[in-house]
1. Would you tally the residues in region 218-255 being surrounded by fewer than 18 Cβ atoms within 10 Å (Cβ to Cβ) and under 21 Å from residue 149 (Cα atoms)?
2. Can you pull out the residues in region 142-177 that are outside any helix (DSSP H, G or I) and more than 19 Å from residue 108 (Cβ to Cβ)?
3. Any chance you could count how many residues in region 154-171 are farther than 19 Å from residue 210 by Cα and within 16 Å of the chain's Cα centre (by Cα)?
4. In region 221-258, which residues are in contact (Cβ under 8 Å) with a residue 60 or more places away in the chain and in a helix (DSSP H, G or I)?
5. Between 38, 12, which is in contact (Cβ under 8 Å) with a residue 12 or more places away in the chain and either assigned to a helix (DSSP H, G or I) or over 16 Å from residue 104 (Cα atoms) (or both)?
6. One residue is enough: does region 178-191 have a residue meeting the conditions without any contact (Cβ under 8 Å) to a residue 40 or more places away in the chain, buried (at least 18 other Cβ atoms within 10 Å of the Cβ) and within 30 Å of residue 137 (Cβ to Cβ)?
7. Restricting to region 50-63, count the residues that are surrounded by 20 or more Cβ atoms within 10 Å (Cβ to Cβ) and closer than 11 Å to residue 97 by Cα.
């Protein structure tokens, strides 16, 4: 049975962020993830995890000015120093929170920069991040994102991540496979998972259209969860969706799994 982690950026927005740990634990979740921990002291977050018997399974590298619309800076040649400083901050938090992996958002392709220079920058930054995170015992994963929600995002397909893994040449670089994004970009989700199982280390879910909880759209998640069991996936499944109503009202789908 898959292990489900509540994404505290998306779920339980009915309460303040630090109160979402208690809400997730009360619902039966054993793991949590969220986009960014950096607005809080590591000790605050570690206390929430310990108090509510939760495992931190993922957070992202710093990704630029999120409020201004930035969605990562790893492909920006003029932001390499900022990216590398962000790796150090991510290591600090991952270590304090016993978080085993960190996700890198490649970013929206910068205007006026050739695709070759963007790719070279991304390779250089991923080499740096994979090496330094690996030395700290933290896995680096990279996520393709659909072109509808984030037009211009630099990575859209798992094949691109596979190519990056080969070019970076590190044994500490893997794929975060978000089934919502992949349904939009490619579909054929079971075969897509099978093709990429050797590099998948984290899965995220939401239904389509709407990015709401499983059961609200076109994806047959009951089948896919069974398929993940069948092929032996032992990682976490992050619930990164926008509740159609309140978080608790949309939890019927997961009760059989927690």
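Computed from the coordinates by the stated procedures, all read-outs in this text should not be read as laboratory data. Please read these numbers as outputs of a predicted model, since none were measured by experiment. Because the Cβ atoms are built from the backbone with ideal geometry, glycine has one as well, and the counts that use them run over all protein chains shown.
1. Total meeting the criteria: 4.
2. 169, 170, 171, 172, 173, 174, 175, 177
3. Adding up the residues that qualify gives 5.
4. Correct list: 225, 228, 229, 248, 254.
5. Just a single option satisfies the conditions, and that option is 12.
6. Yes, there is a match, as at least one residue in region 178-191 is without any contact (Cβ under 8 Å) to a residue 40 or more places away in the chain, buried (at least 18 other Cβ atoms within 10 Å of the Cβ) and within 30 Å of residue 137 (Cβ to Cβ).
7. Number satisfying all stated conditions: 5.
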